[in-house]
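Peer 1: Sharing a structure here in C-alpha cells format.
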Amino acid sequence: MGRLHRGEEDPLCGLGWSGTWVLGQEFRFHSGRLRITPKNPFCDDMRRLIQGNLGQANQLGDGAPLVWLFDPKCWSGVEIHRADFKGKAVEFTLAKQGDTGDVLVISKANTDMKECATEFFRVLRDPALFPRAASTPVSPPGQSGVKVSDNHRFLVTGDGKPFFWLADTAWQLIHDLNREEVDRYLEDRVKKGFNVIQTVALAEHGGLDRPNAYGHLPLVDRDPTRPDSREGDDYWKQLDYVIESAARRGLYVALLPTWGSHVTRGFTDGKVNGIFNVTNAEIYGRFIGGRYRQRSNVIWMLGGDRAALTEDAKAVWRAMARGIAVGVAGREDYSKVLMTFHPVGPGSSFDYFPNEDWLDFHGIQSSHGPAILNWKMIEREYRRTPVRPVIDLETTYAGIVFGKQTEPLTDDLARRAAYWAVFAGACGHTYGHNSIWQMFVPGKSGPLAGAKTSWQAALDAPSATQMGHLRRLMESRTFLTQKPDPTLLAFEQNDPSTMCLALHGDGFALIYTPTGRTLDVDLRQLRGGKVKAAWFDPRTGASTGAGEFENDRVQSFDPPGDERAGNDWVLCLEDH
C-alpha cells in the first residue's frame, strides 16, 4: 500500500520540470519545460504522463510506452497499481498479473536518473522509432496506398483506381528466408500476377525462439515491449528488406504483426495466454506502426488463425490496432491505415468484430479440404451490414494433406476456391500452397501438413500461374460495378459442391461453372439488343468465341469437354 500525493516540486534530470503530481511513493515527476520537446507520439505520451491530472487519464496506458522505450538499466521493479481516490490522497494497490491499472509505480531507489535522461534523448534520435523525412525511403512513385471503395464493396488505390486483391501466402517468409531467397520468391510472384504477399513479423513456427536466417531473434527475452533493434544488422532489418523489396516490385505486404498463437495459444478458446496482453500489445503496435509509417505498401492484418472469442482476446487485438494507428499517424486515426483480421477457420472477422472503427474489410478463413464451400461463407458476409469488402484470406492450399485426408489437395480445388470466392462477391482472393507458406526445404525443416515439394519447386505449381488468369479476367472488366446476380441462372441447383455463380456489371456478365455443365442463362436480364458470348478457360487464360445472341430469351451454353470436377469454365457475356 502506498499513497500518491500532489503538489511538491522536484527537478528531474536537470531539465527543470516543476510540479504537478507525484508518481509512486518516492519518485516525483514534474512538468515545466516539456513544451520544448519535439512533437511526436513518444513526447506526447511523456506530456500526458507528467502533466495529466489524476482521474482524467489512464496513466498506465499513457505511461506504458515510456517504460518500454527506456532501457531496462534506467529503472527496475516497475509495478502497476489500481488507484482509489479518498479526498486529497489516493490509495493504490498492486494489480494482479495481466490486469490493467491506473498508475505505474516507479521507485526512486530503483531508478538511475542519469541513464533516464540519456535514454530519453537517445530515443528521440532513433530513426527506427521516429523517422525523419529523409531517413526512411518511401514507396516507389506510382505505388499509392490502398483504401475501401466508395460503395464499400471493393478496394481501390489511393488515387481511386480499382485494386483487385490477389495475394500469395508466405507466413514464414520473413523468418526463414535469406535476402537472396526473398528476392527470388518476390520476383516469381510478380511474374505470376500476384500483387499482395501475406506474411508475419512474429512467425508461428520458431518465431520467438529460433533465430532467423541471419541468426537474429525479434525480441529480447520474448518481451513485446523490447524489440531487439540495434546498430548493424538485426531481425527487424530483415523485415525492412522484405517490405522495401516488395515495394520496388509494386507489391503490397499484408503484414501480421504477430501470429495469433502469441496472443491466444488455443485455436478457438480465446484464452489470452501468449506473450501479449492489452498493455504490451499497444506498445508493440506503436513500435511496428511507427517503423513503417512511411510505407504505403503495408496493409495491416491482425489475428493469425485464432478466434478472438473472449472479451480479453478482443481487448488485446483492439489495443494492437490502436497502437499501430498511433505509430503510423501519431494519433488514434484509423483513416491512415488499412486493417483486417485473419480468423481461425472456418470463421469470419465479423464473428468477433462486426463493426469496429479499425477494421476496414472483413476476412474469412474457409479452411482446407475438398468439401470446403467458401462461396457460402462469402455469400453470407456479402449480405451483412454494415457493408464492408470481404476476402477469403485462407482457403484450400494446393498440396496440403489436411484433417482426415490422405492425399494432397489439388490445383483444381485451389482454383475452384478462388473463383467461387470472387463470384460470390469477394473483392479479391488469397491463394496458398502448402510448401510455400511454410517455406519447406526437404532435409532442412520438418514437413507440416504433408508437404513434399520444396517451396522453390512449388513456385511453379499450375494453380499459382492460374491465379494470374483470374486477376486479368477481373481487371479486363469494370469490376467495381459488378455484383452477384443469381437471376441470370435459369436452372435449379441442388448440389452445393457443383454450385455455379454469376456476376453482373455494367455491360457484362460472367458465369462460373466448376464442372463444365450446360448453363441455361436468362439473357433478358442483360441490357442492349445483342449479347456476345465467349468461353474463358481458367486453366490457360485463353478465350474462345461462343456466338452472338438476342437478349430476349433463355439461352443454353455448353462449355467444351465433359461435365466433371476440374473442368471449370467461365461464360463471358458482353451486351451491346
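Peer 1: Residues 368, 362: which one is under 15 Å from the mean Cα position of the chain (by Cα) and not charged (D, E, K, R)?
Peer 2: Checking each option against the conditions leaves just 362.
Peer 1: Against the definition (assigned by TED's automatic domain parsing to the domain that holds residue 201 and either free of Cβ contacts under 8 Å to residues at least 40 places away in the same chain or in a loop (DSSP other than H, G, I, E, B) (or both)), how does residue 449 come out, yes or no?
Peer 2: yes
Peer 1: Moving on to the next point. What is the residue count in region 482-535 for residues that are among the acidic types (Asp, Glu) and over 19 Å from residue 374 (Cα atoms)?
Peer 2: 4
Peer 1: Would you confirm whether or not region 489-500 contains a residue that is farther than 22 Å from residue 471 by Cβ and in a strand (DSSP E or B)?
Peer 2: yes
Peer 1: Which residues, taken from region 292-328, are of a type in the set (Lys, Arg) and farther than 13 Å from residue 356 by Cα?
Peer 2: The answer is 293, 295, 306.
Peer 1: If I ask for residues that are among the small types (Gly, Ala, Ser), assigned to a loop (DSSP other than H, G, I, E, B) and surrounded by fewer than 12 Cβ atoms within 10 Å (Cβ to Cβ), which ones from region 540-574 would you list?
Peer 2: 542
Peer 1: Okay, moving on. Kindly provide the set of residues from region 455-484 that are in a loop (DSSP other than H, G, I, E, B) and surrounded by fewer than 17 Cβ atoms within 10 Å (Cβ to Cβ), ordered by number.
Peer 2: 460, 476, 478
Peer 1: From 506, 520, 537, grab the single residue that is outside the structural domain of residue 157 (by TED's automatic domain parsing), surrounded by fewer than 20 Cβ atoms within 10 Å (Cβ to Cβ) and under 30 Å from residue 150 (Cα atoms).
Peer 2: Checking each option against the conditions leaves just 506.
Peer 1: Here's another thing I want to ask about it. For region 376-421, which positions are over 19 Å from the mean Cα position of the chain (by Cα), crowded, with 24+ Cβ neighbours inside 10 Å and over 24 Å from residue 458 (Cα atoms)?
Peer 2: 377
Peer 1: Counting just the residues of region 523-532 that are loosely packed, with under 15 Cβ neighbours inside 10 Å and touching an Asp or Glu at 6+ places or on another chain (Cβ under 6 Å), which one comes out nearest to residue 484 (Cα to Cα)?
Peer 2: If we take residues in region 523-532 being loosely packed, with under 15 Cβ neighbours inside 10 Å and touching an Asp or Glu at 6+ places or on another chain (Cβ under 6 Å), then 527 is nearest to residue 484 (Cα to Cα).
Peer 1: Something else: For region 254-267, check the following and say yes or no: at least one residue is under 23 Å from residue 179 (Cα atoms) and either more than 15 Å from the chain's Cα centre (by Cα) or aromatic (Phe, Trp, Tyr) (or both).
Peer 2: yes
Peer 1: Answer yes if at least one residue in region 352-365 is in a helix (DSSP H, G or I), in contact (Cβ under 8 Å) with a residue 24 or more places away in the chain and either buried (at least 24 other Cβ atoms within 10 Å of the Cβ) or hydrophobic (A, V, I, L, M, F, W, C) (or both), and no otherwise.
Peer 2: So far as region 352-365 goes, no, none of its residues is in a helix (DSSP H, G or I), in contact (Cβ under 8 Å) with a residue 24 or more places away in the chain and either buried (at least 24 other Cβ atoms within 10 Å of the Cβ) or hydrophobic (A, V, I, L, M, F, W, C) (or both).
Peer 1: Can you confirm whether residue 570 is over 19 Å from residue 421 (Cβ atoms) and of a type in the set (Val, Ile, Thr)?
Peer 2: When the stated conditions are applied, residue 570 does not pass them.
Peer 1: On to the next question. May I ask you to verify whether residue 182 is aliphatic (A, V, I, L, M), at pLDDT 95 or above and either under 30 Å from residue 454 (Cα atoms) or not in a loop (DSSP other than H, G, I, E, B) (or both)?
Peer 2: yes
Peer 1: Looking at residue 552, is it touching a helix residue (DSSP H, G or I) at 6+ places or on another chain (Cβ under 7 Å) and not assigned by TED's automatic domain parsing to the domain that holds residue 426?
Peer 2: Considered against the rule, which asks whether it is touching a helix residue (DSSP H, G or I) at 6+ places or on another chain (Cβ under 7 Å) and not assigned by TED's automatic domain parsing to the domain that holds residue 426, residue 552 comes out as yes.
Peer 1: Got at least one residue in region 229-248 being closer than 20 Å to residue 344 by Cβ and out of contact with any strand residue (DSSP E or B) (no Cβ under 9 Å at 6 or more places or on another chain)?
Peer 2: Within region 229-248, none of the residues are closer than 20 Å to residue 344 by Cβ and out of contact with any strand residue (DSSP E or B) (no Cβ under 9 Å at 6 or more places or on another chain).
Peer 1: Give region 304-321 a look and list any residue that's within 9 Å of residue 278 (Cα to Cα) and surrounded by fewer than 17 Cβ atoms within 10 Å (Cβ to Cβ), or say none.
Peer 2: Hit for region 304-321 is 315, nothing else.
The values are calculated or read from the model by the stated rules, or taken from the named source; none is laboratory data. What you see is a predicted model; the values in this text were computed from it and never measured. Note that we place each Cβ from the backbone using ideal geometry, even for glycine, and neighbour counts take in every protein chain shown.
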